[in-house]
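This report concerns only the one structure given below.
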């Protein structure tokens, strides 16, 4: 089975944006080095993270520990159900508040 490391990188980068986490924040939360995270996020080189590393990063991103392993396997795992819906709603509300504060658009 071919693992989909591009999908893993995209999932991590998207989630970091949703949670407003820096790479350093994620490194601290997951106890995975910034260099390792950078390699995963950019999907470069021949290095492939272990399932243990993927589990630690998944947990640090508030996903089930097996989430990124499933993404690597080409699956579309459930991301946490109602909690993900709340996160998306909070993200949307933050964006609306930011637009209102900067005057860059009307929100109705």
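The figures follow:
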item: Neighbour-count ranking [beta-carbon atoms within 10 angstrom, fewest first] of 54, 100, 19; result: 100, 19, 54
item: Helical mean residue ellipticity (222 nm; -39500 (n - 2.57) per DSSP H run of 4+; nearest 500) of the chain; result: -19500 deg cm²/dmol
item: Over the chain, relative contact order from alpha-carbon pairs under 8 Å, at least 6 apart, %; result: 26
item: Cα-based shape type of the stretch 5-77, given that a ≥ b ≥ c are square roots of the gyration tensor eigenvalues and the cut on a/c is 1.5; result: rounded
item: 32, 97 arranged by Cβ crowding within 10 Å, fewest neighbours leading; result: 97, 32
item: Extended-chain gain in nm, criterion 0.36 nm per residue less alpha-carbon gap, residue 35 and residue 14; result: 5.7 nm
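Read-outs: derived from the displayed coordinates by stated rules, not from any lab. What you are looking at is a predicted structure, and each value in this text was computed from that prediction instead of being measured. Here Cβ is always computed from backbone atoms with ideal geometry, including for glycine, and neighbour counts include all displayed protein chains.
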